Amino acid sequence: MNLEHRTVGSVDIVKMPARLVMVDAGEVRNNLRRIIKQSSARLILDLRDMEFIDSSGLATLVNSLQAARKRQGDICLIHMNDTVRTLFELTQLLNVFNVCDSEEGAIEALTA
């Protein structure tokens, strides 16, 4: 699965797929790890198109967050729809991830 990726300053912005499930989780995890290793480890994950994420997808995001933080970076999530937000609330992951309303706000949060 090819992730759309671009860089703004020292921040990498990755557009996440509509579905992040077990079938694709390993490949997405590898792509995110590669981006983290080759960059400042400051990522914005754009969830605008994400309609569904299962436990493997959540584990992929948590694993990526851990990898980024090991490199003194972080991950900020943006454009989370109500369905995905509810899952993050139920799993208490809203307390773990930075969540911003806009790309500009996320860039500011990651570079402050």
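Over the chain, dividing the summed -39,500 (n - 2.57) contributions of all DSSP H runs of at least 4 residues by the number of residues returns a 222 nm mean residue ellipticity of -14000 deg cm²/dmol. Using only alpha carbon pairs under 8 Å that are at least six residues apart, calculate the relative contact order of the chain and give it in whole percent. Once divided by the residue count of the chain, the mean separation gives 27 percent.
Projecting label points 7 angstrom from Cα along Cα→Cβ for THR7 and PHE52 puts them 3.5 nm apart.
Under 5 Å from the amide H of ASN98 lie the amide H atoms of ILE75, LEU77, each residue being 5 or more positions distant or on a separate chain, with H modelled from the backbone and absent for Pro and chain starts.
Dipole orientation for the chain: of the candidates ILE78, ASN30, HIS5, ASN30 has the Cα lying most toward the positive pole (charges on Cβ; Lys, Arg +1; Asp, Glu -1). Cβ-to-Cβ counts within 10 Å put LYS15, LYS70 in ascending order as LYS70, LYS15, the fewest first. Of the GluC sites (Glu not before Pro) in segment 1-99, the ones in a loop by DSSP (not H, G, I, E or B) with at most 16 other beta carbons within 10 Å are GLU51.
Taking other C-beta atoms within 10 Å as the exposure proxy, ARG19, ARG29 rank ARG19, ARG29 from fewest upward. What helices does the chain have that are whole DSSP H segments, at least 20 Å long along their own axis by Cα, and with mean Kyte-Doolittle hydropathy of -1.0 or more? Correct list, ordered by number: 22-37, 55-70.
Note on the chain: antiparallel DSSP beta bridges, both residues inside, total approximately 25 percent of the bridges counted. For segment 12-53, the Cα gyration tensor yields ellipsoid semi-axes of 19, 13, 5 Å (square root of five times each eigenvalue, largest first, whole Å).
Two numbers describe the Cα atoms of the chain: Rg and Dmax, which are 12.6, 36 Å. Scanning residues 5 or more positions from VAL11 or on other chains, none has an amide H under 5 Å from its amide H, with H placed 1.01 Å from N in the peptide plane.
Any read-out appearing in this document is the output of simple, stated calculations on the displayed coordinates, not a laboratory observation. Just so you know, these numbers come straight off a predicted model, no measurement behind them. We place every Cβ from the backbone using ideal geometry, glycine too, and count neighbours over all the protein chains shown.
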